Each structure stands twice: as structure tokens, then as C-alpha cells.
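Single-structure report; data block below.
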Amino acid sequence: MFEKSVYIERRQKLMNRMGSGLILLLGNGDSPRNFRDNAYSFRQDSSFLYYFGLNHSGFDGLLDCESGEVSLFADDLTIDDYVWTGVQPTVADLARTSGVDRAFTSDKLPALIDGALSAGRTIHTLPPYRAEHSLKLGRLFHRNPAVDSFEASRALIEAVADQRNHKEDREIEEIVKAVDVSVDMHCAAMRLCRPGITEAAIAAEVERTARAQGMESAFTVIATKNGQTLHNHYYGNTLAEGDLFLLDAGAETARGYAGDLSSTVPVGGRFTPRQREIYDLSLRAHDRAIELLAPGVSFVSVYYESARVIVEGLKDLGIMKGSVQSALEQGAHAMFFPCGLGHLMGLDVHDMENLGEEIVGYGGKEKSAQFGLKSLRLGRELEPGFVLTIEPGIYFIPELMDLWSSRGLHREFIDYTELNKYRDFGGIRNEENFLITGNGAERLGKEKPKTAEDVEAITGSGSLQAG
């Protein structure tokens with residue numbers, strides 16, 4: 001964690017913004033895989049981590065915006081626990097590291113909530129995303145979560161989003177550390193990418209690279225020759241000459257900050273002419289988006305300009321046709337670009353996605369329901385301190401081709417005869433991470449191989465060795 005003054009200042013800023021009432025911030029507990037003592041790797045709730053810094057299971061926090069009192073609730077471990085875990089700091093000791101003097105056992109929280117409700121005080125909470133959070137809120141507020149929908153505090157969501165969206169210098173430093181290790185993860189994959197190796201072997205080396213530097217994967221690694229499937233977590237294929245291998249992977253620091261990069265690699269060391277055409281086109285779309293990053297710029301406009309490059313390039317290849325502007329307006333480009341251009345990132349790799357994209361990524365504005373555009377997670381004007389990804393892709397999805405073709409969709413913009421020649425192509429994506437500055441944008445971390453020449457120079461240059 002950072003020094004305790006950081007968390008004291010963050011909490012005070014939040015309480016000043018809210019003005020009145022209580023703020024209940026639930027931490028995470030252990031999540032068992034198949035029985036209690038065999039749990040998934042613990043991950044603290046990111047908002048709790050942001051305001052308290054305590055990466056320990058079983059904590060909840062309560063902030064009184066009127067008195068300024070801050071309380072933590074958790075239970076000390078017992079000698080039965082110490083046999084398995086070793087001696088651990090007490091709840092009171094941990095609370096003091098976060099600048100909190102009021103520490104209570106977990107059973108004291110319900111009475112405090114009851115007292116506040118009886119006094120007619122407002123208790124602000126964030127939307128639950130874990131079942132145990134919903135159950136706990138149901139118990140605390142005497143509601144049946146199976147019947148009653150729980151309404152989180154929009155005012156608190158907006159306050160947390162505004163605060164966490166603008167990254168502090170110390171947070172940027174953490175993200176840079178994560179991105180640097182993420183680059184190492186991608187370079188390790190590129191060196192192993194050759195015919196005969198399995199996706200699983202590369203995914204394992206990617207994970208090992210992060211852990212060897214004291215970090216974990218920020219999300220489930222995507223390591224696949226089927227890059228047309230956007231979130232493909234299957235690693236059962238063996239790579240063959242002529243395949244394209246797509247890696248989407250990032251590291252997470254001990255403080256919880258994420259990196260998020262994507263690369264596309266030719267299996268066999270060289271892009272085929274057809275692969276090189278699409279790869280270079282995707283890079284042109286990528287670079288165009290980067291050129292436009294600046295405070296005050298709408299990210300939706302950046303998305304469309306990146307998509308424009310893709311449509312123009314596919315027209316040159318005979319895959320698309322007709323008016324570029326009309327194709328964009330009607331969403332024909334989503335055949336090849338069905339996802340968004342990027343997303344905010346920080347303590348969450350998709351930062352605060354659990355709080356709602358309309359608030360976090362759109363500043364309260366309504367999202368489009370159009371296929372493709374509806375997957376754009378960020379659509380607001382950019383502001384200094386925002387950290388985001390840029391990741392346009394070009395994907396050839398046979399199932400989508402068949403569906404649109406059978407329905408006669410966008411025939412004025414798509415040459416389906418030509419498109420069908422690319423049924424076995426796969427998908428291409430490059431992704432980098434950027435900070436919006438006062439007058440533009442800065443790529444974070446060291447540079448990963450990105451041009452076709454740089455990727456070809458490293459691909460297949462290493463061997464899988466133990467150690």
C-alpha cells in the first residue's frame with residue numbers, strides 16, 4: 001500500500017464531495033474454488049483498495065461524512081488460523097496503517113447500520129457485483145436480495161468514478177510498472193511462437209513471466225490462434241505454420257494496478273502477404289487513434305476516425321465498397337470491428353466497469369445500442385489524468401459473415417464474395433496504454449514490438465526452457 005496519508009486524503013475528499021450521510025464500502029472475502037480452504041487467489045475490491053489500501057480478506061469500511069469518523073470492521077485470526085497462515089497483524093494494526101483509529105469486529109457493523117437507519121440517515125453504497133455482497137447488504141438493510149432489487153447510490157458512484165478516473169502521479173508510476181512487465185510477457189510469447197508449440201505452453205510462460213517479477217496476471221490471458229473470438233480463453237490448440245497467434249495479457253502490481261496489451265504474431269516468423277496487408281491496416285487505424293488523443297476530444301470521434309481507416313483500407317482490398325461515411329453511420333464496419341476502441345484502466349483492467357459504463361465511461365450520457373458501437377466502453381470527452389487503452393482490431397468471424405449474408409445486411413458496403421475468401425483468416429489486434437496529459441497523450445511503459453518488422457524480428461527467437 002501507499003503511505004497512510006494517501007488514504008486519509010482520498011477518504012476526506014470523498015466525504016467532502018458527498019457532504020452528508022454514511023458511506024459503506026464493502027471489501028471482498030475469500031472465494032472458494034470447491035471448498036472453503038481451497039480458495040481462488042484473493043483480490044480485494046478495487047474501491048475498497050483505493051480508499052483503504054488493505055489487501056486483506058474480510059474487511060468493510062464505514063465513513064461518516066458529517067462527523068468525519070472512519071471505521072473498519074473485520075475479525076482477528078485465531079491460533080487455529082495461525083497454524084496455517086503464520087502470525088498475522090491484528091485488525092487494529094492494519095487499520096492504523098491506513099490511518100484509521102476505529103477498528104471493530106464484524107458483528108458490530110449491523111448494529112451501527114440499524115442505528116443509522118433508525119435515525120433516518122442516508123447510507124450510500126456501491127452496486128454489488130458478488131453474490132456475497134448482495135447477501136450482506138440484504139442482511140444489513142433487512143431486505144431479501146432474492147426478491148428486492150438493491151438500488152446503489154448514484155451520487156456515490158459518480159463521486160468515486162470522478163475521483164478514481166483522474167490518476168495521481170503515484171498511480172501512474174504503478175501502471176508504468178505493470179505495463180513494463182506486460183511488455184515482458186508479450187516478448188516472451190513472441191519468442192516462443194513457432195509451429196508445434198501449444199497455446200497452453202505460451203500462456204504458461206506469459207503467466208510465469210509476471211509471477212517471476214512479483215506480479216500476477218491482471219485478467220485471464222487470451223493466447224489463441226483463433227483471434228477472431230475476442231475473449232478466447234481456450235488453450236488447447238497446437239500452432240501451425242501460417243497461423244496468426246493473438247495474445248491479450250497484462251500484469252497487475254502488488255498494489256493492484258494493471259497493464260493491458262495485445263499483440264498479433266505470425267507463426268513461422270513471417271507474415272504472409274495477405275496477413276501483412278491486414279496487419280499494416282490495423283496499425284494504421286491504431287496510429288490514427290493515437291494521433292487524436294488529447295484533452296477535450298470525444299473518444300467516440302476517435303473511435304470513428306480509427307474505424308474510417310479500416311473501412312478505407314478494406315475498400316482498397318475490395319472487401320468493402322460504397323460510401324465510407326455511410327458505412328460508418330450504418331454500422332457496416334462492425335462486421336470487422338465489432339468491439340470498442342479502448343477502455344479506461346487503473347486498479348481494474350476495465351476501470352470501474354462494475355460501477356456502470358454509462359457513468360464511468362460516458363459521464364452519464366446514454367450509450368448507443370448499435371452493434372459494434374454499443375461495445376465501446378469509453379465514449380466521453382477525454383480529460384487529463386485519464387488512463388486508457390487503444391486497441392482497434394480487424395476480425396474475420398465466419399459466424400457473423402454467415403448471419404449478415406443470410407439476412408442481406410449491408411450488401412451495399414460489403415462484398416460477401418470477396419469477404420468469404422478470408423473465412424480462415426482469424427483476427428488481428430494491437431493494444432497499448434496511454435495517459436491523457438494537459439496537451440496530448442503519453443504512451444505508458446516501455447515499447448513493445450509492434451511494427452511487422454519488429455514482430456518478425458523477435459518471433460520464434462527463443463526456446464522454452466525450465467528455470
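Remarks
- Within segment 269-283, the set of residues being open to solvent by less than 40 Å² (accessible area, probe 1.4 Å) and more than 19 Å from Gly340 (Cα to Cα) comprises Gly269, Phe271, Gln275.
- Considering (1) within 20 Å of Glu353 (Cα to Cα); (2) modelled with pLDDT of 95 or more, the lone condition that Ser182 does not fulfil carries the number (1).
- Pick from segment 413-438, criterion over 30 Å from Lys177 (Cβ atoms) and in a loop (DSSP other than H, G, I, E, B), ranking: most open to solvent (accessible area, probe 1.4 Å): Asp424
- Subset of segment 402-436 [under 20 Å from Gln370 (Cβ atoms) and touching a Phe, Trp or Tyr at 6+ places or on another chain (Cβ under 7 Å)]: Ser405, His410
- Count of segment 197-245 residues, restricted to those that are of a type in the set (Val, Ile, Thr) and touching a Leu at 6+ places or on another chain (Cβ under 8 Å), is 7.
- For segment 214-240, the tally of residues that are hydrophobic (A, V, I, L, M, F, W, C), more than 17 Å from the chain's Cα centre (by Cα) and surrounded by fewer than 21 Cβ atoms within 10 Å (Cβ to Cβ) stands at 1.
- Among residues of segment 250-268 that are farther than 26 Å from Gly340 by Cα, those with a Cβ under 7 angstrom from a residue that is assigned to a loop (DSSP other than H, G, I, E, B) and at pLDDT below 95, sequence gap 6+ or separate chain, pair up as Arg255/Met1.
- Residue satisfying all of: in segment 284-305; closer than 21 Å to Phe271 by Cβ and touching a helix residue (DSSP H, G or I) at 6+ places or on another chain (Cβ under 8 Å); most open to solvent (accessible area, probe 1.4 Å) among these: Arg284
- Selection over segment 389-412 of residues that are crowded, with 23+ Cβ neighbours inside 10 Å and not in a strand (DSSP E or B) gives a count of 2.
- Flag if Ser262 is farther than 30 Å from Asn28 by Cα and of a type in the set (S, T, N, Q): no
- If you go through segment 32-56 and pick out every residue that is in contact (Cβ under 8 Å) with a residue 12 or more places away in the chain and either open to solvent by less than 50 Å² (accessible area, probe 1.4 Å) or of a type in the set (A, V, I, L, M, F, W, C) (or both), you end up with 12.
- Residues being more than 30 Å from Leu400 (Cα to Cα) and touching a strand residue (DSSP E or B) at 6+ places or on another chain (Cβ under 9 Å) - total across segment 205-230: 9
The values are calculated or read from the model by the stated rules, or taken from the named source; none is laboratory data. Not measured: the values here are computed from a predicted model. Reconstructed Cβ throughout: ideal geometry from the backbone, glycine too, with neighbour counts over all protein chains shown. Side chains included, ligands, DNA and RNA excluded: accessible areas come from the protein's heavy atoms. Shrake-Rupley method; radii C 1.70, N 1.55, O 1.52, S 1.80 Å.
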